[in-house]
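Okay, structure first, notes after.
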Amino acid sequence: MKDLVIINGQINTMDPRMPQAEALVVKGGKILLLGTNEEVRRAMPLGAEIIDCKGNSVFPGFFDTHVHLTFTGLNITTLKLEKASDKKELLDLLLAREAGLAPGLWLHATGYDETKYPDRSLPTMKELDELFGSRPVLLERVDAHQICVNSAAFVALGLSIGEQGVELDEKGDPIGIVKDPANGRAHKKFSEDLITDEMRREFLKNACHESLKMGTTSLSALEGGALFCDDDVDVFLDMQDKLPLNTVLYHQTLDVNKVIAEGQKQIGGCIVLDGSLGSHTAALFDDYSDLKGCKGNLYYSQDIIDDFVLEAHEKGLQVSMHNIGDRATERLLTAFERACSKYPRPNHRHRFEHFSMATDDQAKRAAALGCCLAMQPSYVVGDEMIRTRVGEERMKRSLRFKTFMNMGLKVGGGSDAPVTPVSPFHGIACCMEHFLKEERMGFRDAVRMFTTDAAYLTFEENRKGRIAPGMDADIAITDRNVLEINAPSEYRDIKFDKTIVGGEIRYAR
């Protein structure tokens with residue numbers, strides 16, 4: 001491993017003892033020294049590789065606390081529907097892709113968001129059948145909690161009339177829209193029967209490259225479980241030591257002993273207690289504002305959650321589960337309180353994934369327990385959808401990163417990729433542009449969410465998240481000086497010249 005010397009940088013250390021520097025030395029994969037150009041030149045190791053930043057900014061390698069890594073790699077290669085502004089544009093994209101597909105292959109696309117369409121309409125099963133015949137068509141909503149399918153896909157995915165989540169017309173026939181929990185079973189079937197291990201390896205490589213390209217050096221990989229496939233976990237574990245960045249596996253299973261046998265110290269991730277706001281499946285205490293009588297769905301009983309959390313907590317694991325609606329948050333919070341009361345354990349750092357609609361009382365109780373939050377700032381771009389689903393009043397307590405940080409909670413930033421881009425600076429810009437003015441952050445606090453505080457969520461704050469002597473040499477070098485940026489939106493345009501992991505250059509533009 002070559003020693004590195006970085007000079008002429010606008011170095012943001014995220015270390016309050018020395019917030020800024022202009023040069024540093026990396027030796028043996030660790031930060032050896034930082035200071036001025038002159039100080040570093042005097043201590044430069046013989047034969048070191050010199051990186052001249054030319055005044056551009058340097059940061060600790062960024063974290064992503066919530067990535068579905070295999071699924072992200074899959075989505076990199078599939079058709080994207082985010083740019084469709086109505087049903088016609090969506091169908092035009094599908095027809096263009098289908099023209100180049102060999103017979104028998106699935107027409108798979110991701111990222112549609114019907115809330116952006118003027119009439120909110122999606123193609124029906126009948127329309128998809130007429131256009132694509134016997135070719136299976138599987139379209140995934142942007143939040144992954146709803147799919148749209150034709151008849152061929154409906155049959156191939158093992159879906160059936162009458163199961164929860166399969167929407168029907170007035171005659172009792174499926175219309176092609178499938179929500180949780182049937183959506184989860186369909187995802188699992190797709191992953192188990194149609195994706196090979198070789199494809200999984202390629203997906204992981206693709207997702208890691210995309211993450212490094214965005215300055216990310218560490219991530220929490222949420223793999224396997226009810227929405228995906230445990231084959232993903234087997235391939236991930238086989239490849240983990242060979243991946244070009246740092247990963248912590250969150251196996252999305254209720255099987256505590258299996259995770260311990262794998263040698264893991266954490267369990268969970270998107271073990272979904274509820275669904276999403278966009279698909280009306282996030283579990284709320286009160287009705288959705290735009291769908292009276294609907295409070296969303298809960299997928300596990302309190303007893304099941306309590307038993308799982310208690311067992312994992314007692315055996316020393318960090319526990320993490322998906323909760324978006326306040327009703328789902330209450331169930332997980334109750335389980336954490338019961339486990340911690342029965343078996344007091346300091347520094348467990350149990351995680352809430354999303355925590356999107358939590359009340360003040362729930363946040364205070366989570367802080368009192370010493371829990372952490374893995375939250376996704378990129379969700380703030382869905383403000384119109386949130387306003388429609390929960391109304392103006394409840395919207396005031398959605399995605400409150402700043403409030404929760406001020407209450408003493410550690411909030412780690414993530415993308416929920418492939419739901420939103422694997423880009424820390426996109427998330428940072430979202431923190432600064434929050435639709436709630438009182439939640440808007442300054443730049444440094446937003447960066448904290450993706451560096452120092454994120455490292456805390458995986459018990460790595462003494463090694464990562466800061467640039468300081470003795471810390472791992474995980475470093476991201478941007479293509480500009482961030483001090484010259486005038487508007488938060490400009491952070492989204494930042495690219496990375498180099499991403500360094502453990503002292504090795506793993507990405508160079």
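The shape of segment 410-487 can be summarised by an equivalent ellipsoid whose semi-axes, obtained from the alpha carbon gyration tensor, come to 22, 16, 13 Å from longest to shortest.
When Rg and the Kirkwood Rh are both derived from Cα coordinates, the Rg/Rh ratio for segment 182-231 amounts to 1.05.
Note on segment 6-49: along the principal axes its Cα atoms extend 31, 21, 13 Å, ordered by decreasing extent.
Helix 360-369 and the longest principal axis of the C-alpha atoms of the chain enclose an angle of approximately 50°. Plainly put, segment 130-192 has a radius of gyration that is 0.94 times its Kirkwood radius, both from alpha-carbon atoms, as the Rg/Rh ratio. What is the log10 of I(q)/I(0) for segment 239-342, computed with the Debye formula using one identical point scatterer on each Cα and no solvent, at q = 0.10 Å⁻¹? Debye output, listed in q order: -0.34.
Expressed as a fraction of 2.2 N^0.38 Å, the C-alpha radius of gyration for segment 49-132 is 1.64. Using the Cβ-Cβ distance between Lys242 and Lys213 with R0 set to 22 Å, the FRET efficiency from 1/(1 + (r/R0)^6) comes to roughly 0.75.
Between 0 and 90 degrees, the angle of helix 87-98 with respect to the longest Cα principal axis of the chain falls at about 80 degrees. In loop segments of segment 151-224 as defined by DSSP, the GluC sites (Glu not before Pro) with at most 16 further C-beta atoms inside 10 Å of their C-beta are Glu163, Glu170. The mean sequence distance of close C-alpha pairs (under 8 Å, at least 6 residues apart), as a share of the length of the chain, puts its relative contact order at 18 percent. Selection among Ile161, Ser134, Leu105 by position relative to the dipole of segment 84-188 gives Leu105 as farthest towards the positive end (Cβ unit charges, Cα centre).
Of the trypsin sites (Lys or Arg not before Pro) found in segment 134-181, the ones in coil according to DSSP and having at most 15 other Cβ atoms within 10 Å of their Cβ are Lys171.
Based on Cα contacts under 8 Å between residues 6+ apart, segment 416-483 shows a relative contact order of 16 percent. Considered as an equivalent ellipsoid built on the Cα gyration tensor, the chain has semi-axes of 38, 26, 22 Å, the largest given first. For segment 358-509, the percent of C-alpha pairs falling in each 5 Å distance bin, counted from 0 to the bin holding the largest distance, reads 2, 9, 16, 20, 21, 16, 8, 6, 2, 1.
Dipole check for segment 114-178: with +1 at the C-beta of Lys and Arg, -1 at the C-beta of Asp and Glu, and the Cα centre as origin, the magnitude is about 160 Debye. Just so you know, the averaged projected area of the alpha carbon convex hull for segment 1-79 sits at 7.7 nm². The charge dipole of the chain, taken about its Cα centre with unit charges on the Cβ of Lys, Arg, Asp and Glu (plus for the first two, minus for the last two), comes to roughly 1420 debye.
In degrees between 0 and 90, to the nearest 10, how far off the longest principal axis of the chain does helix 302-314 point, with axes built from Cα atoms? The answer is roughly 30 degrees. Overall, segment 42-102 carries a charge dipole of about 80 debye about its Cα centre when +1 sits on the Cβ of Lys and Arg and -1 on the Cβ of Asp and Glu, all other atoms neutral.
The alpha carbons of segment 290-332 occupy a box of 43, 17, 12 Å along the principal axes, longest dimension given first.
Projection of the Cα convex hull of segment 44-191, averaged over all directions and equal to a quarter of that hull's surface, yields 14.2 nm². Among Phe450, Gly225, Ser121, whose Cα projects farthest towards the positive end of the dipole of the chain, with charges put on the beta-carbon of Lys, Arg (+1) and Asp, Glu (-1)? Projecting each Cα onto the dipole axis, the largest value belongs to Phe450. For segment 4-29, the residues whose amide N sits under 13 Å from a probe point set 7 Å from the Cα of Glu39 along the beta carbon direction are 11, 13, 17-25.
All of the numbers you see were taken from the coordinates with simple rules; none came from a lab. Treat the numbers as computed from the prediction; the structure is a model and nothing was measured. Glycine also receives a Cβ, built like all others from the backbone with ideal geometry; neighbour counts cover every protein chain displayed.
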